[in-house]
Amino acid sequence: MRRIAITNLKGGVGKTTTAVNLAAGLCRKLRERGERVLLIDLDPQIEASASSWLERSDPESRLLGALRGESGLIDLVQETSVPGLDLIPGCGGLARAEVLLSSEPGSETVLAGVVGALPERWSVVLLDTPPAHGWLMHSALAAASDVLVVIESGAMALGSLAGLDRVVSLVRQRLNPDLELFGVLQCRADARTRLYREVDELLKAQFPEEALSTIVRTDVRLLEAPGHCQDIFRYAPQSRAAEDFSQLADEVGARLGLRGF
Ligand SMILES: Nc1ncnc2c1ncn2[C@@H]1O[C@H](COP(=O)(O)OP(=O)(O)OP(=O)(O)O)[C@@H](O)[C@H]1O
Ligand SMILES: [Mg+2]
């Protein structure tokens, strides 16, 4: 089961937006075949998380309990209003996980252990990560098979990408030798600007294999959708964001070799 960590060291670049709408886009094709997608929310900032986008209720602090061995991760899986999409909700308590667990030996591989024990029930698992470079991020990279880096198209983007590339190399050496850099996605891009074209050229020169051909353009509909607890396909099916996420799901599904893409 491929497990894609959606990440960047920088905050506010569109990770959660990508996690929710890529998951919904993949589900649109997979559910025709009875296949499902799992989204694991590892962000302790609940107000801005995938969990609060998909469900209006406050999730309980059970993910922390699963990391402490008090329950199985499978018991936390819940169906969402997006057909075909299951969620393991995040919780504010995750912020305490680092304090409680990081002094224990090998604690960065605890999440990998509990994710690895999940049944092979999903065609793909997406992990939405917090922005900070720390224990939770390293745990997510240890638990993932692949990394999808989301960058905000702009001057600082390639610097943050280089920083993350170093972290991925270290995680590969020390925690997870099989971790692959799956792709780099430009989000909040304005394709009409010179800055976009410059960043795009540099990105394709530095990461020719990984730079995705899909970009997610800036669209106000993406700012509005979480307030309605709807993915972009339901909230604004005719929007350019829906078009971009549909193309992204096709590209990611094909790269993963999923049937039907
Ligand atoms: N393509 C886009 N067009 C317009 N707004 C966008 C786009 N992508 C993301 N946004 C908005 O930018 C803000 C940050 O996005 P998001 O929460 O997805 O980023 P994040 O990387 O998950 O942030 P954090 O690091 O805090 O977890 C949100 O208000 C979101 O609605
Ligand atoms: Mg986020």
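The values are calculated or read from the model by the stated rules, or taken from the named source; none is laboratory data. Treat the numbers as computed from the prediction; the structure is a model and nothing was measured. All Cβ positions, even for glycine, are placed from backbone atoms using ideal geometry, and neighbour counts span all protein chains on display.
Per-structure values
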{"item": "Residue satisfying condition, being exposed (fewer than 15 other Cβ atoms within 10 Å of the Cβ), within 16 Å of ligand 2 (Cβ to nearest atom) and free of Cβ contacts under 8 Å to residues at least 12 places away in the same chain, within set G159, G257, G227", "result": "G227"}
{"item": "Check on L185, buried (at least 22 other Cβ atoms within 10 Å of the Cβ), modelled with pLDDT of 90 or more and closer than 28 Å to L64 by Cβ", "result": "no"}
{"item": "Hits in the range 159-177 (condition: more than 16 Å from ligand 1 (Cβ to nearest atom) and either under 23 Å from D219 (Cβ atoms) or within 17 Å of the chain's Cα centre (by Cα) (or both))", "result": "D165, V168"}
{"item": "Residue ID - nearest to G134 (Cα to Cα), chosen from residues in the range 1-58 that are among the charged types (D, E, K, R), touching a helix residue (DSSP H, G or I) at 6+ places or on another chain (Cβ under 9 Å) and away from ligand 1 (no atom under 13 Å from the Cβ)", "result": "R3"}
{"item": "Of residues in the range 96-114 being polar (S, T, N, Q) and in a loop (DSSP other than H, G, I, E, B), the one nearest to D41 (Cα to Cα)", "result": "S102"}
{"item": "Any chance V20 is part of a helix (DSSP H, G or I) and within 10 Å of ligand 2 (Cβ to nearest atom)", "result": "yes"}
{"item": "Residue match in the range 220-229 (condition: out of contact with any Lys or Arg (no Cβ under 9 Å at 6 or more places or on another chain) and more than 16 Å from ligand 1 (Cβ to nearest atom))", "result": "no"}
{"item": "The range 116-150, subset of a type in the set (G, A, S) and not in a helix (DSSP H, G or I), residue farthest from the chain's Cα centre (by Cα)", "result": "A117"}
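Each row is one residue, and each column tells you yes or no for (1) touching a His at 6+ places or on another chain (Cβ under 8 Å); (2) under 17 Å from D41 (Cβ atoms); (3) buried (at least 19 other Cβ atoms within 10 Å of the Cβ); (4) modelled with pLDDT of 95 or more.
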{"site": "P89", "(1), (2), (3), (4)": "no, yes, yes, no"}
{"site": "L94", "(1), (2), (3), (4)": "no, yes, yes, no"}
{"site": "G116", "(1), (2), (3), (4)": "no, no, no, yes"}
{"site": "D128", "(1), (2), (3), (4)": "no, yes, yes, yes"}
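Residues checked against (1) small (G, A, S); (2) free of Cβ contacts under 8 Å to residues at least 24 places away in the same chain:
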position	(1), (2)
N21	no, no
G34	yes, yes
I40	no, no
S52	yes, no
A66	yes, no
S71	yes, yes
I74	no, no
